[in-house]
Amino acid sequence: EAGVTQFPSHSVIEKGQTVTLRCDPISGHDNLYWYRRVMGKEIKFLLHFVKESKQDESGMPNNRFLAERTGGTYSTLKVQPAELEDSGVYFCASSQDVRDGYTFGSGTRLTVV
Amino acid sequence: EDKVVQSPLSLVVHEGDTVTLNCSYEVTNFRSLLWYKQEKKAPTFLFMLTSSGIEKKSGRLSSILDKKELSSILNITATQTGDSAIYLCAVGGSGGSNYKLTFGKGTLLTVNP
């Protein structure tokens, strides 16, 4: 089966610009998660979708971040406007059941300059 | 706040050595502890542990959970250069989501020939 795919793999944008990251989960996985790793820190939870509904978005840093999962398939994470501290690797993961271990995507490295 | 601490942060060994990686945690409503291996990009799932004292094994890798000590170890016997990676420990607690992982910083393992 195809794994979790993320696009792009790397994005470099200027401060103040907008960037949209995309995640395609494994087909049939209702649960989709976004995580972020900022340089030198742990991977941190951002939010969790069950199908198209946001189950928990307690990890979203602020209102410059907007995640959507229309139709319960792929998800997008938009950062607008981007700030320098948003730089990091954004991981998406999916699972069929919340009790399963996740399958992670390869991540999108975001660099804000 | 939930917390996962891994030790050591970095380890360099020779092929054939046996290594033990440590993970300790403080979380509310513990559900499970997971180990991942991250080589280049996507963390790949190794083990999920929910019950104390039951060893999980996969080839040369094994792991066990001690809920009394709030910790887990990951053992790798007869290490090979292909075992070089960052090993991530994560703990699932309920929080606002059924399954939200708190990660440690990881242990960087380097296996030299």
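The values are calculated or read from the model by the stated rules, or taken from the named source; none is laboratory data. Source: prediction; values computed, not measured. Because the Cβ atoms are built from the backbone with ideal geometry, glycine has one as well, and the counts that use them run over all protein chains shown.
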Exercise. Would you confirm whether any residue within region A:25-36 is more than 25 Å from residue B:105 (Cβ to Cβ) and either in contact with a helix residue (DSSP H, G or I) (Cβ under 9 Å, 6 or more places away or on another chain) or hydroxyl-bearing (Ser, Thr, Tyr) (or both)?
Key: yes
Quiz item: What single numbered condition from (1) of a type outside the set (Gly, Ala, Ser); (2) touching a residue at least 40 places away in the same chain (Cβ under 8 Å); (3) in contact with a helix residue (DSSP H, G or I) (Cβ under 9 Å, 6 or more places away or on another chain) fails to hold for residue B:22?
Solution: (3)
Quiz item: In region B:52-63, which residues are in contact with a strand residue (DSSP E or B) (Cβ under 6 Å, 6 or more places away or on another chain) and either part of a strand (DSSP E or B) or surrounded by 15 or more Cβ atoms within 10 Å (Cβ to Cβ) (or both)?
Solution: B:56, B:61, B:62, B:63
Quiz item: Can we say residue B:4 is in contact (Cβ under 8 Å) with a residue 60 or more places away in the chain, away from chain A (no Cβ under 12 Å), β-branched (Val, Ile, Thr) and surrounded by 15 or more Cβ atoms within 10 Å (Cβ to Cβ)?
Solution: no
Quiz item: Which residue pairs have Cβ atoms closer than 7 Å, lie 6 or more positions apart in sequence or on different chains, and pair a first residue in region B:62-90 that is farther than 12 Å from residue B:14 by Cα with a second residue that is modelled with pLDDT of 95 or more and in a helix (DSSP H, G or I)?
Solution: B:76/B:83
Quiz item: Counting only residues that are assigned to a strand (DSSP E or B) and more than 9 Å from chain B (Cβ to nearest Cβ), which one in region A:90-113 is surrounded by the most Cβ atoms within 10 Å (Cβ to Cβ)?
Solution: A:92
Practice problem: Could you tell me whether residue A:57 is closer than 28 Å to residue B:3 by Cβ, away from chain B (no Cβ under 14 Å) and either surrounded by fewer than 20 Cβ atoms within 10 Å (Cβ to Cβ) or of a type outside the set (D, E, K, R) (or both)? | Solution: no
Practice problem: Could you check, for region B:24-40, whether at least one of its residues is farther than 19 Å from residue A:41 by Cβ, under 14 Å from the mean Cα position of the chain (by Cα), modelled with pLDDT of 95 or more and more than 14 Å from chain A (Cβ to nearest Cβ)? | Solution: no
Self-check item: Residues of region B:72-113 satisfying the condition of being within 14 Å of chain A (Cβ to nearest Cβ), modelled with pLDDT of 95 or more and not in a strand (DSSP E or B)
Solution: B:104, B:105, B:106
Practice problem: For region A:1-25, enumerate the residues that are surrounded by fewer than 18 Cβ atoms within 10 Å (Cβ to Cβ) and either within 12 Å of chain B (Cβ to nearest Cβ) or under 21 Å from residue A:73 (Cα atoms) (or both). | Solution: A:1, A:2, A:3, A:5, A:7, A:8, A:9, A:10, A:20, A:22
Quiz item: Just a yes or no: is a residue in region A:55-68 polar (S, T, N, Q), touching a strand residue (DSSP E or B) at 6+ places or on another chain (Cβ under 6 Å) and not in a strand (DSSP E or B)?
Solution: no
